[in-house]
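I'd like to ask you about the structure that follows.
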Amino acid sequence: MKYYSLNKNAPLVNFREATIKGLAPDKGLYFPAHIPLFGNDMHSEIMQGTNEDIAYRAILPYVGDVIPSERLKKIVTETINFPIPLIPLDSFTWSLEMYHGPTLAFKDIGARFMSRCLGYFAQQENRKLTVLVATSGDTGGAVADGFYGVDGVDVVILYPSGKVSNVQEKQITSLGENIHALEIQGDFDDCQRIVKDIFNNKEVNDKLFLTSANSINVARWLPQQFYYLFAWKELGSKIKPVISVPSGNFGNLCAAMVAHISGMPVKKFIAACNSNDTIPRYLQTGKYRPNKTTSTISNAMDVANPSNFVRIEELYHHDLSRLKDMLIAVKVTEEETAGAINRALLQYNYLLDPHGAVAYCALKKFQETNPESLGYLVETAHPVKFFNAVESITGRTVEIPDQVVLQLQKKKRSLVLEPDVKQVIDFLFSL
Ligand SMILES: *Cc1c(COP(=O)(O)O)cnc(C)c1O
């Protein structure tokens, strides 16, 4: 598979180069030269194969021959080594729980796949690879866990001191070994600026083999198809579901739409958004007008200018009316989100996190006007990750899973630095 830049001003690359580069030299996102179609053999694989076989078959055309098949099988197996169950709520609604991975959010899947691919590429180069990433919280944990113990890779994570939650901080700082946490005495924007400056510094890049673990990376984006294919297998070939995806940067939804274009049956996609409603307004008016970002309780979706949306437009050849046949976008307010958490608890004794609640609310709105529509929502995070919000909405305490209790008991190890590029560069050279 070749990948081109959506800015159309950079050379074609293979999966290996697209993964290492992250962003094309013309600053465009990489996009596969074609979307492979599932043949009859893939259909029978989906109905009869194991999840490992399904995931391997789905990703193989995108990876091509840059990773040997045995190694790719191992990477896929390690990526999905936790349950991703489809839980029935009522006779026409399910919840696809993507939060049973090590950091309790769906980003584990993309991060685990990408980290293992990069580990293989570093080994091939026989050069130590340094992953440099800034986090406002969730990405850091998933990236740290994904790369932990991966040979030949050092990970340097910059996070704003005092501005991430206790659990998030422990996920970043407690691993040690090849995971290095830099606690920056500034805010997230400082962390991002430092990382950007370093990627733009030619001298540093000539000496070090640097890569970002950015969420637009093809190796994080494409494996997000896996769990939709598993849900397809669970539902069987007769059901054509409505799929409601809580969306921020739109990578997860875009992966589902790729799987649909390859042949996965879907009646309609719902982009479930919080008050950051650029896309719902865009689909309604045809005008792309991002507002300022608004803070909400579903904070991983607080994105006003979603970077992956351009990939969705590319999938539909920038034809808005064709896109609108397949995709609707629904804005869900804070009050509706809280109401949805309480309603699901009351009706099904099922506890949603605020992100899943946005998706649930959007799906129920659709089903009200389209009865007989079977569908599932995507539950992207464990409610315990947002226990403050969930407890104050429901008035009940959220049970803390054992893995979180253990995490909180671990020792924090971070290097406190001023928001100064030079100090971070010195640290990189000291590794
Ligand atoms: C990142 C994230 C989202 C948004 O996913 P995108 O792929 O950016 O649209 C939704 N929920 C949770 C819990 C997340 O961490």
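The values are calculated or read from the model by the stated rules, or taken from the named source; none is laboratory data. The structure presented is a predicted model; accordingly, all values stated were derived computationally and were not measured. Ideal geometry is used to build each Cβ from the backbone, glycine not excepted, and the neighbour counts take in all protein chains shown. When the accessible area is computed, the model is the full protein with side chains, heavy atoms only, and any ligands, DNA or RNA have been set aside. Shrake-Rupley method; radii C 1.70, N 1.55, O 1.52, S 1.80 Å.
So, Lys27, is that one surrounded by fewer than 14 Cβ atoms within 10 Å (Cβ to Cβ) and touching a strand residue (DSSP E or B) at 6+ places or on another chain (Cβ under 9 Å) or not?
Working: surrounded by fewer than 14 Cβ atoms within 10 Å (Cβ to Cβ): yes; touching a strand residue (DSSP E or B) at 6+ places or on another chain (Cβ under 9 Å): yes.
Yes: the conditions hold for Lys27.
For Phe92, state whether it is closer than 30 Å to Glu372 by Cα, of a type outside the set (A, V, I, L, M), within 11 Å of the ligand (Cβ to nearest atom) and in contact with a helix residue (DSSP H, G or I) (Cβ under 8 Å, 6 or more places away or on another chain).
It is false that Phe92 is closer than 30 Å to Glu372 by Cα, of a type outside the set (A, V, I, L, M), within 11 Å of the ligand (Cβ to nearest atom) and in contact with a helix residue (DSSP H, G or I) (Cβ under 8 Å, 6 or more places away or on another chain).
Here's a follow-up. Residue by residue through region 307-361, note down the ones that are away from the ligand (no atom under 16 Å from the Cβ), within 16 Å of Ile270 (Cα to Cα) and either open to solvent by less than 10 Å² (accessible area, probe 1.4 Å) or at pLDDT below 95 (or both).
Within region 307-361, Leu323 is the sole residue that qualifies.
Now, a different point. When you scan region 144-162, do you find a residue that is of a type in the set (Val, Ile, Thr), under 23 Å from Ser298 (Cα atoms) and not in a strand (DSSP E or B), even just one?
Scanning region 144-162, I find no residue that is of a type in the set (Val, Ile, Thr), under 23 Å from Ser298 (Cα atoms) and not in a strand (DSSP E or B), so the answer is no.
Can we say Val378 is in a helix (DSSP H, G or I) and touching a helix residue (DSSP H, G or I) at 6+ places or on another chain (Cβ under 9 Å)?
No, not satisfied.
Per-residue answers, yes or no, for (1) within 16 Å of the ligand (Cβ to nearest atom); (2) modelled with pLDDT under 95; (3) out of contact with any Phe, Trp or Tyr (no Cβ under 8 Å at 6 or more places or on another chain):
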residue: Phe209; (1), (2), (3): no, yes, yes
residue: Ser237; (1), (2), (3): no, yes, yes
residue: Ile243; (1), (2), (3): yes, no, no
residue: Cys273; (1), (2), (3): yes, no, yes
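Something else about it: Name the residue that is nearest to the ligand (Cβ to nearest atom), counting only residues in region 362-375 that are in contact with a helix residue (DSSP H, G or I) (Cβ under 9 Å, 6 or more places away or on another chain) and outside any helix (DSSP H, G or I).
Applying the filter and picking the extreme gives Gly375.
Return the residue satisfying two criteria in turn: it lies in region 140-186 and is closer than 15 Å to Pro419 by Cα and charged (D, E, K, R), and of such residues it is modelled with the highest pLDDT.
So the residue we want is Glu183.
Which one is surrounded by the most Cβ atoms within 10 Å (Cβ to Cβ), of the residues in region 33-48 that are touching a Phe, Trp or Tyr at 6+ places or on another chain (Cβ under 9 Å) and without any contact (Cβ under 8 Å) to a residue 60 or more places away in the chain?
Across region 33-48, the extreme among qualifying residues is Glu45.
Mind counting the residues in region 112-155 that are closer than 18 Å to Cys191 by Cβ and within 16 Å of the ligand (Cβ to nearest atom)?
Number satisfying all stated conditions: 12.
Looking only at residues in region 75-128 that are of a type in the set (Val, Ile, Thr) and surrounded by fewer than 17 Cβ atoms within 10 Å (Cβ to Cβ), which one is nearest to Ile243 (Cα to Cα)? Even if it seems obvious, please write down each step before you answer.
From region 75-128, those of a type in the set (Val, Ile, Thr) are 75-77, 79-80, 84, 87, 93, 103, 109; that's our starting set.
Applying the additional criterion that residues be surrounded by fewer than 17 Cβ atoms within 10 Å (Cβ to Cβ) yields 77, 87.
Details: Thr77: 25, Ile87: 14 Å.
Step by step, filter region 75-128, then rank; the result is Ile87.
Then there's this: Checking the structure you have, find out if any residue of region 248-265 is free of Cβ contacts under 8 Å to residues at least 60 places away in the same chain and more than 21 Å from the chain's Cα centre (by Cα).
So far as region 248-265 goes, yes, one or more of its residues are free of Cβ contacts under 8 Å to residues at least 60 places away in the same chain and more than 21 Å from the chain's Cα centre (by Cα).
Which residue pairs have Cβ atoms closer than 7 Å, lie 6 or more positions apart in sequence or on different chains, and pair a first residue in region 321-339 that is assigned to a helix (DSSP H, G or I) with a second residue that is among the hydroxyl-bearing types (Ser, Thr, Tyr)?
Qualifying pairs under 7 Å: Arg322/Tyr316; Leu323/Tyr316; Glu334/Ser275; Glu334/Thr296; Thr337/Ser298.
Continuing with this model, one more query. Scan region 280-306 for residues that are of a type in the set (A, V, I, L, M, F, W, C) and open to solvent by 40 Å² or more (accessible area, probe 1.4 Å) and jot them down.
Correct list: Ile297, Ala300.
Restricting attention to region 385-397, and to residues there that are within 16 Å of the ligand (Cβ to nearest atom) and surrounded by fewer than 19 Cβ atoms within 10 Å (Cβ to Cβ), which single residue is farthest from Pro241 (Cα to Cα)?
So, considering only residues that are within 16 Å of the ligand (Cβ to nearest atom) and surrounded by fewer than 19 Cβ atoms within 10 Å (Cβ to Cβ), the one farthest from Pro241 (Cα to Cα) is Asn388.
With region 209-279 as the region, which helices (runs of 4 or more DSSP H) entirely inside it contain at least 2 residues that are open to solvent by 10 Å² or more (accessible area, probe 1.4 Å)?
Qualifying helices (runs of 4 or more DSSP H): 226-235, 251-262.
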